[in-house]
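Before anything else, here's the structure in question.
The values are calculated or read from the model by the stated rules, or taken from the named source; none is laboratory data. Not measured: the values here are computed from a predicted model. When we count neighbours, we look across all protein chains shown, and the Cβ atoms used for this are built from the backbone with ideal geometry, even at glycine.
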Amino acid sequence: MDGTLVDSTDGVVGAWELFAEKYPGLDVTQVLSSSHGVRTVENLRLHCGITDPDELEREASRFEDAIVAESKKNGRHGIVALPGVAEIMKEIGPYAKLPTPRWAICTSATKNYASAALKAAGIPVPEVFVVSEDVEKGKPEPDPYLLGAKRCGVDPARCLVVEDAPAGVRSGRAAGCKTLALITSHTREQVEEAKPDYIVPNLSRVTMKPVENGIEVTIETD
């Protein structure tokens with residue numbers, strides 16, 4: 001979701017800077033280079049050394065609240081939709097309803113934060129909405145996308161995963177899905193290492209339109 005549909009970079013940077021005040025050994029630059037696409041609880045466990053499950057849950061909630069709050073401070077531009085997203089949502093937005101949804105969101109974020117971020121960016125929340133709390137193992141494990149496909153009632157092999165983070169691409173590939181990577185949060189070289197099926201700069205190079213039993217995707221590659 002972050003880096004694919006929305007740009008929350010300003011808020012994420014602000015949240016890590018805020019957490020660095022409580023966790024003095026935190027190297028924000030190093031964290032930002034490796035944390036994208038990974039669940040907040042796992043990032044906090046790794047970078048802040050938090051091991052108590054209850055504290056992890058509290059701090060994850062505080063961190064994600066901070067993303068939203070910090071995104072508009074000090075002249076930051078807030079959480080916004082990335083290029084191409086609004087146009088795609090005009091086409092496929094209404095086709096996310098059960099019992100036959102044609103698209104879903106599978107994110108490493110918690111439900112509270114993901115819902116708030118999508119609302120801030122003007123993106124509808126689909127009825128199949130897989131969040132951090134729904135799986136025991138997050139990306140790069142296949143669990144999020146396997147669950148998303150299951151809830152949509154489709155074979156993962158018929159799904160296209162759109163991702164910006166190498167961990168997300170690996171998750172989609174492990175689930176047996178086709179993968180489309182965006183160069184919005186990582187370098188092309190970093191994304192290529194995850195071996196996606198397709199690579200584009202962002203969703204402005206992609207068109208989607210609903211068709212019978214699915215969505216037709218056109219990708220304008222280099």
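As an exercise: evaluate Thr9 against (1) out of contact with any helix residue (DSSP H, G or I) (no Cβ under 6 Å at 6 or more places or on another chain); (2) surrounded by fewer than 18 Cβ atoms within 10 Å (Cβ to Cβ) and give the number of the one condition it does not meet.
Checking Thr9 against (1) out of contact with any helix residue (DSSP H, G or I) (no Cβ under 6 Å at 6 or more places or on another chain); (2) surrounded by fewer than 18 Cβ atoms within 10 Å (Cβ to Cβ), the one that fails is (2).
May I ask you to say which residue of Ala69, Ala86, Ala60 is within 22 Å of Val28 (Cα to Cα), of a type in the set (Gly, Ala, Ser) and touching a Gly at 6+ places or on another chain (Cβ under 9 Å)?
On the way: Ala86 fails: within 22 Å of Val28 (Cα to Cα); Ala60 fails: touching a Gly at 6+ places or on another chain (Cβ under 9 Å).
Of the residues listed, the single one that is within 22 Å of Val28 (Cα to Cα), of a type in the set (Gly, Ala, Ser) and touching a Gly at 6+ places or on another chain (Cβ under 9 Å) is Ala69.
Could you give every pair whose Cβ atoms fall below 9 Å, whose first residue belongs to region 191-218 and is surrounded by fewer than 18 Cβ atoms within 10 Å (Cβ to Cβ), and whose second residue is small (Gly, Ala, Ser) and part of a strand (DSSP E or B), counting only separations of at least 6 or pairs across chains?
Note: pairs meeting the criteria are Glu192/Ala181; Asp197/Ala181; Tyr198/Ala181.
Looking at (1) within 24 Å of Val130 (Cβ to Cβ); (2) outside any loop (DSSP other than H, G, I, E, B); (3) among the small types (Gly, Ala, Ser), can you tell me which one Ser33 breaks?
(1)
If you don't mind, another one. Those residues that are under 14 Å from Gly172 (Cβ atoms) and among the acidic types (Asp, Glu), I need them from region 111-154; list them, please.
Glu141, Asp143, listed by residue number.
Quick check on region 173-222: of everything there that is among the small types (Gly, Ala, Ser) and touching a Lys or Arg at 6+ places or on another chain (Cβ under 8 Å), which residue is nearest to Thr4 (Cα to Cα)? Outline the logic, then answer.
So the first thing to find is which residues in region 173-222 are among the small types (Gly, Ala, Ser), and the list is 174-176, 181, 185, 194, 204, 214.
If we keep only those that are touching a Lys or Arg at 6+ places or on another chain (Cβ under 8 Å) too, we end up with 194, 214.
Details: Ala194: 16, Gly214: 20 Å.
Restricting to residues being among the small types (Gly, Ala, Ser) and touching a Lys or Arg at 6+ places or on another chain (Cβ under 8 Å), the top hit is Ala194.
Follow-up. Which numbered condition in (1) surrounded by 20 or more Cβ atoms within 10 Å (Cβ to Cβ); (2) under 17 Å from the mean Cα position of the chain (by Cα); (3) over 16 Å from Lys209 (Cα atoms) is the only one that Ser61 fails?
With respect to (1) surrounded by 20 or more Cβ atoms within 10 Å (Cβ to Cβ); (2) under 17 Å from the mean Cα position of the chain (by Cα); (3) over 16 Å from Lys209 (Cα atoms), Ser61 is out only on (1).
Residues are listed down the side, and each one gets a yes or a no for (1) assigned to a helix (DSSP H, G or I); (2) modelled with pLDDT under 95; (3) over 14 Å from Thr110 (Cα atoms); (4) not hydrophobic (A, V, I, L, M, F, W, C):
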| position | (1), (2), (3), (4) |
| --- | --- |
| Gly14 | yes, yes, yes, yes |
| Pro24 | no, yes, yes, yes |
| Ser61 | yes, yes, no, yes |
| Glu64 | yes, yes, no, yes |
| Ile67 | yes, yes, no, no |
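Can you tell me which residues in region 69-110 are within 26 Å of Gly138 (Cβ to Cβ), part of a helix (DSSP H, G or I) and touching a residue at least 40 places away in the same chain (Cβ under 8 Å)?
Ala69, Glu70, Val85, Ile88, Ile92
Anything in region 15-30 that is out of contact with any Gly (no Cβ under 9 Å at 6 or more places or on another chain) and surrounded by fewer than 21 Cβ atoms within 10 Å (Cβ to Cβ)? List them, or say none. Write out each step before concluding.
First, the residues of region 15-30 that are out of contact with any Gly (no Cβ under 9 Å at 6 or more places or on another chain): 15-22, 24, 26-30.
Matches in region 15-30: Glu17, Leu18, Phe19, Ala20, Glu21, Lys22, Pro24, Leu26, Asp27, Val28, Thr29, Gln30.
Kindly indicate which of Ala121, Ala109, Ala86, Ala117 is assigned by TED's automatic domain parsing to the domain that holds Gly148, surrounded by fewer than 18 Cβ atoms within 10 Å (Cβ to Cβ) and within 27 Å of Thr187 (Cβ to Cβ).
On the way: Ala121 fails: surrounded by fewer than 18 Cβ atoms within 10 Å (Cβ to Cβ); Ala109 fails: surrounded by fewer than 18 Cβ atoms within 10 Å (Cβ to Cβ); Ala117 fails: surrounded by fewer than 18 Cβ atoms within 10 Å (Cβ to Cβ).
Ala86 is the lone residue from the list that is assigned by TED's automatic domain parsing to the domain that holds Gly148, surrounded by fewer than 18 Cβ atoms within 10 Å (Cβ to Cβ) and within 27 Å of Thr187 (Cβ to Cβ).
Please specify each residue of region 140-159 satisfying the condition of being farther than 17 Å from Gly37 by Cβ and outside any helix (DSSP H, G or I).
Gly153, Val154, Asp155, Cys159
Report yes if Val128 is modelled with pLDDT of 95 or more, crowded, with 20+ Cβ neighbours inside 10 Å and out of contact with any strand residue (DSSP E or B) (no Cβ under 7 Å at 6 or more places or on another chain), otherwise no. I'd like the intermediate steps shown before the answer.
Numbers: modelled with pLDDT of 95 or more: yes; crowded, with 20+ Cβ neighbours inside 10 Å: yes; out of contact with any strand residue (DSSP E or B) (no Cβ under 7 Å at 6 or more places or on another chain): yes.
In short, yes.
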